[in-house]
Amino acid sequence: EVCGYLGKVIQQRREQPGDDLISRILQIKVGDRPLTHLEALSECSLVLFGGLDTVAGTMGFFARYLATHPEHRRELATHPERIPQAIEELLRRHSIPTISRVVTRDVELDGVTLKAGDYVQLTTCFHGLDERRWENPLEVQFGRCGPTDHMAFGKGVHRCPGANLARGELRVFLEEWLKRIPDFEIKPGEEAVTATGAVAGVLSLPLVWDV
């Protein structure tokens, strides 16, 4: 359904380009040729899903954590200038994407034989929870993780091109929420419902606060 929707928008922008993001994507060239329809569809769907699922899911995990850790929540509400630094540590603790790779050669890993051409999937949260890299990895310690220390946005050529946009959205979310609702919690007797997948997410987060 999403590809069907985007396909119509792409065709409209080809016929009547504007200054919007999709029109700009359609100006990309591969060598000397323009993008094919399939390539344009792939780029536009990547922008759409990358800008929605990952940030929304991360916001849910951030909110759940702060709802259950009042000392960290009050620190950020009292000192909003610490929010950008806190975001990096929260991203380490709650890294939600699952990435796929193709095995390039036969190799044995921990007794399992992987063949060239096999697909493997890795959840990026494993890096943030590795005790060899992080002492007490389940604990959040604002200030110990920098922008290049975690794997939430990938590394190298696979680094997320929207990382800075995501950081900006997360910063605005925390600044505006904590400014208005500095004290909140999960509704007594209920709990958050989460889901795994290509991108982990929070399906239900019953928050309550005084008004």
Could you tell me how many of the residues in region 168-190 are assigned to a helix (DSSP H, G or I) and either open to solvent by less than 30 Å² (accessible area, probe 1.4 Å) or at pLDDT 95 or above (or both)? 12
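Residue by residue, here is whether (1) farther than 20 Å from ARG93 by Cβ; (2) within 18 Å of the chain's Cα centre (by Cα) holds:
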{"position": "GLU135", "(1), (2)": "no, no"}
{"position": "PRO147", "(1), (2)": "no, yes"}
{"position": "LEU165", "(1), (2)": "yes, yes"}
{"position": "PHE184", "(1), (2)": "no, no"}
{"position": "VAL208", "(1), (2)": "yes, no"}
Please pick out the residue among ILE28, ILE10 that is within 21 Å of CYS160 (Cα to Cα) and among the aliphatic types (A, V, I, L, M). ILE28
Any residue that is touching a residue at least 60 places away in the same chain (Cβ under 8 Å) and in contact with a Lys or Arg (Cβ under 9 Å, 6 or more places away or on another chain) - is there at least one of those in region 46-65? yes
Tell me yes or no: at least one residue of region 106-125 is in contact with a Phe, Trp or Tyr (Cβ under 8 Å, 6 or more places away or on another chain), among the aromatic types (Phe, Trp, Tyr) and open to solvent by 40 Å² or more (accessible area, probe 1.4 Å). no
Can VAL193 be described as open to solvent by less than 90 Å² (accessible area, probe 1.4 Å) and touching a strand residue (DSSP E or B) at 6+ places or on another chain (Cβ under 7 Å)? yes
For the structure I just gave you, tell me whether VAL102 is out of contact with any Ser or Thr (no Cβ under 6 Å at 6 or more places or on another chain), open to solvent by 40 Å² or more (accessible area, probe 1.4 Å) and over 30 Å from VAL208 (Cα atoms). yes
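The values are calculated or read from the model by the stated rules, or taken from the named source; none is laboratory data. Since this is a predicted model, take the numbers as computed values, not measurements. Heads up, the Cβs are rebuilt from the backbone with ideal geometry, glycines too, and the neighbour counts pull from every protein chain shown. Protein only, heavy atoms only, side chains kept; ligands, DNA and RNA dropped before computing areas. Shrake-Rupley method; radii C 1.70, N 1.55, O 1.52, S 1.80 Å.
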